[in-house]
Amino acid sequence: RRGGTARHDAVVWGYAYAASALGVDMIQNCAVTGFTRDANGRVTGVETSRGKTGAGKVGMAVAGSSSRVAAMAGLRLPIESHVLQAFVSEAIKPLIPGVMTFGAGHFYVSQSDK
């Protein structure tokens with residue numbers, strides 16, 4: 001089997017560019033506070049810190065808060081979300097050949113030669 005890593009920031013920007021090309025509106029620095037529903041319980045919009053917006057379809061791509069945001073829509077995800085922090089330094093010669101993780105501490109160490 002082969003493994004690999006993906007730079008999370010590059011993945012996010014790739015999704016953002018593709019979604020934008022498909023006509024998706026993305027609003028940054030805007031917290032989701034709930035969802036609007038029709039009489040049948042179908043999600044018809046999003047309530048945010050900047051007001052409400054209607055939508056024919058709603059996608060959820062929130063990473064570390066997935067369980068919490070899904071619960072606002074009445075969904076229970078079979079995952080456990082943990083907030084992780086990132087520390088970025090200037091480029092240094094790689095010392096660690098892989099990824100080190102410490103689940104109880106909710107952090108990992110990864111180096112890139114980029």
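Each reported figure results from applying straightforward, stated rules to the coordinates on display, with no laboratory input. Small disclaimer: the values here were computed from a predicted structure and weren't measured. Please note: Cβ atoms are built from the backbone with ideal geometry, for glycine as well, and neighbour counts cover all protein chains shown.
If you check Val11, Val32, Val46 for being touching a helix residue (DSSP H, G or I) at 6+ places or on another chain (Cβ under 8 Å) and not charged (D, E, K, R), only one passes: Val32. Filter the range 25-60 for residues that are loosely packed, with under 13 Cβ neighbours inside 10 Å, of a type in the set (A, V, I, L, M, F, W, C) and either touching a strand residue (DSSP E or B) at 6+ places or on another chain (Cβ under 8 Å) or on the phi > 0 side of the Ramachandran plot (or both) and give the result. Answer for the range 25-60, where residues must be loosely packed, with under 13 Cβ neighbours inside 10 Å, of a type in the set (A, V, I, L, M, F, W, C) and either touching a strand residue (DSSP E or B) at 6+ places or on another chain (Cβ under 8 Å) or on the phi > 0 side of the Ramachandran plot (or both): Ile27, Ala31.
Only one of the listed residues (Ala61, Ala39) is closer than 24 Å to Arg7 by Cα and assigned to a loop (DSSP other than H, G, I, E, B). That residue is Ala61. Every test in (1) in contact with a Ser or Thr (Cβ under 9 Å, 6 or more places away or on another chain); (2) surrounded by 14 or more Cβ atoms within 10 Å (Cβ to Cβ) is passed by Val69 save one, and that test is (1).
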